[in-house]
Amino acid sequence: MKTVNHWIGGKTVEGASGNYGPVTDPATGEVTTQVALASADEVDAAVQVAREAYLSWGQSSLAARTKVLFAYRALLDANRDAIAALITAEHGKVHSDALGEVARGLEIVELACGITTQLKGELSTSVSNRVDVSSIRQPLGVVAGITPFNFPAMVPMWMFPLAVACGNTFILKPSEKDPSAANKLAELATEAGLPAGVLNVVHGDKVAVDALLAHPGIAAVSFVGSTPIARHIHTTASANGKRVQALGGAKNHMLVLPDADLDAAADAAVSAAYGSAGERCMAISAVVAVGAIGDELVEKIRERAEKIKIGPGNDPNSEMGPLITAAHRDKVASYVKGAADQGAEVVLDGTGFTVEGNENGHWIGLSLLDRVKTDSDAYRDEIFGPVLCVLRAETYEEGVALINASPFGNGTAIFTRDGGAARRFQLEIEAGMVGVNVPIPVPVGYHSFGGWKDSLFGDHHIYGNDGIHFYTRGKVVTTRWPDPAEGHVGVDLGFPRNH
Ligand code: NAD
């Protein structure tokens, strides 16, 4: 069996706690790998290594940093397939989807390559007599990233490229369910010339996370995962004096107005609900059909969903893979099984589905629930599986009120041909990311990603300008170079005023 160890100080470091977690191939159900789970002492040792590396990396020139980042970009580009294969083997998503994940992560490395312009400070000359003022941004020190299973390469890349470009050193604690991609990302960074100790990967579970949250040597924590854990991370790390951004779960709605192109809306709903088997924080999990279009839209979604090919992620014919674990598959199935009792019409029931020859895989088919009640479990919870709920609203206002009543506010989309309605929606909807005829509005790298309400705890969204702000702190320098000919200013106990 393969063992995934830590990557600390530019090399593999064997787990010392004696604790290992199982990593399963979701398509076969076989445990293929064990991952080392770090103790608090191992976390502490990694923080010391990162602290030591920070002493020089924090002082390194922008030229030195960008040289490494450009080399890293080229290596990642050359290794897209290899990284995607690691993702598929442990996460289960199909290879094309895994390649998409790598591409979206690469965007942030490309953004980091341009850190020279992003980190330019501001200067005001002659704000007062011979006084100039400059604003600069400096790194924080050692920062940590804790990431979820559903994007084992992209979400770490939302964090560490910008963190290290800004001069910090980084400790990544990836999901223990699919840990291999993180090590590959770190190995390639070392190959690209990133000095030892700047990017470290420490594997583990709650023990390692809580050790990071309590460690006085960690200045900031970026987290992406489920809402209950995001809340815990935000509360605990804040109480320990750290800067925190904690992105949580979601229930993303798609509002379809009566004037929308229903074929385009149905295509988008199917792609966004069932892509990656619904295990995306930006998956559309609720469609709100406005007016009389509901029956026609549901029928169009059903026709398309029935044709999706489910199979192992490494089979080029598969469009959708298995779920991450058998337990998660069973939980997803329970929502479908309970839906009719809670008032929904079960249009498609994906429970009980299996793939011949791979019966132990974590399979489930596509489910479509219509006329779902807002107080039902299938609507209220983030299911995180291939289950799409359809709700009906009489008017645009009723649809918007329904969406705004959700405790989540990650992404949302409107499908319409009416520019005025789309504009209203942008302004009235309570979510951090909005798509207009775009079902999965994940912002490009140079804008920031983040939700509202229970989908994000903290002030900063992730990557883009917010990312650079999160990984740096401001300093303002006020300078006077007196002219010796003018003599001394003399003592003045008044509060300094500008002249
Ligand atoms: P999770 O919250 O279970 O785990 C995320 C990380 O937290 C992992 O590294 C895990 O080891 C750690 N962790 C788990 N339980 C912990 C505990 N009790 N104490 C401390 N650390 C703990 O999330 P997941 O199941 O890996 O990922 C799926 C979730 O992530 C979904 O809710 C999804 O919406 C969310 N997600 C959100 C975004 C976003 O941008 N908002 C992006 C991707 C995923």
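Below, the figures for the structure above:
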read-out	value
Which listed residue is in contact with a His (Cβ under 9 Å, 6 or more places away or on another chain), of a type in the set (G, A, S) and surrounded by 19 or more Cβ atoms within 10 Å (Cβ to Cβ), from A246, A273	A246
Qualifying residue in the range 192-207 (condition: surrounded by 24 or more Cβ atoms within 10 Å (Cβ to Cβ), modelled with pLDDT of 95 or more, near the ligand (Cβ under 10 Å from one of its atoms) and farther than 12 Å from A144 by Cβ)	yes
Near pairs, Cβ below 6 angstrom, 6+ apart or cross-chain, from the range 182-196 (farther than 15 Å from T169 by Cβ) to any residue that is of a type in the set (S, T, Y) and in a helix (DSSP H, G or I)	A192/Y72
G385 vs. criteria out of contact with any strand residue (DSSP E or B) (no Cβ under 6 Å at 6 or more places or on another chain) and assigned to a helix (DSSP H, G or I)	no
Failed item in (1) within 30 Å of G114 (Cβ to Cβ); (2) without any contact (Cβ under 8 Å) to a residue 40 or more places away in the chain; (3) part of a loop (DSSP other than H, G, I, E, B), with Q426 passing the rest	(3)
Counted residues, the range 213-229 - those being more than 9 Å from the ligand (Cβ to nearest atom) and either within 22 Å of the chain's Cα centre (by Cα) or modelled with pLDDT under 95 (or both)	5
Hey, G167 of a type outside the set (S, T, N, Q), more than 16 Å from the ligand (Cβ to nearest atom), touching a Phe, Trp or Tyr at 6+ places or on another chain (Cβ under 7 Å) and at pLDDT 95 or above or not	yes
Matching residues, the range 246-269, being more than 22 Å from D454 (Cβ to Cβ) and either within 16 Å of the chain's Cα centre (by Cα) or touching a residue at least 60 places away in the same chain (Cβ under 8 Å) (or both)	V256, L257, D259, A260, D261, A264, A265, A268, A269
Residue that is on the phi > 0 side of the Ramachandran plot and not aromatic (F, W, Y), where the choices are K453, K373	K453
Residues located in the range 400-415, provided they are touching a His at 6+ places or on another chain (Cβ under 6 Å) and either away from the ligand (no atom under 16 Å from the Cβ) or in a helix (DSSP H, G or I) (or both)	I403
Qualifying residue in the range 172-190 (condition: closer than 21 Å to P216 by Cβ, within 16 Å of the ligand (Cβ to nearest atom) and surrounded by 23 or more Cβ atoms within 10 Å (Cβ to Cβ))	yes
Criterion: out of contact with any Pro (no Cβ under 7 Å at 6 or more places or on another chain) and farther than 30 Å from A421 by Cβ - qualifying residue of G241, G225	G241
Every residue from the range 434-458 that is of a type in the set (A, V, I, L, M, F, W, C), assigned to a loop (DSSP other than H, G, I, E, B) and within 14 Å of the ligand (Cβ to nearest atom)	I440, V442
Failed item, numbered, when P407 is tested on (1) touching an Asp or Glu at 6+ places or on another chain (Cβ under 6 Å); (2) farther than 20 Å from S455 by Cα; (3) not small (G, A, S)	(2)
Members of the range 330-373 found to be touching a Phe, Trp or Tyr at 6+ places or on another chain (Cβ under 7 Å) and not β-branched (V, I, T), listed by number	F353, W363, G365, L366, K373
Options K67, K11, K2, K93; residue that is of a type in the set (K, R) and under 26 Å from A273 (Cβ atoms)	K93
Positions within the range 14-46 being touching a helix residue (DSSP H, G or I) at 6+ places or on another chain (Cβ under 8 Å), more than 16 Å from L86 (Cβ to Cβ), surrounded by 15 or more Cβ atoms within 10 Å (Cβ to Cβ) and of a type in the set (A, V, I, L, M), in sequence order	L37, A38, A40, V43
Wholly within the range 1-48, strands (runs of 3 or more DSSP E) carrying at least 3 residues that are under 19 Å from E187 (Cβ atoms) and modelled with pLDDT of 95 or more	2-4, 6-8, 11-13, 30-36
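The values are calculated or read from the model by the stated rules, or taken from the named source; none is laboratory data. The shown structure was predicted, so the numbers you read here are calculated from the model rather than taken from an experiment. No Cβ is skipped: glycine too gets one built from the backbone with ideal geometry, and neighbour counts run over all protein chains shown.
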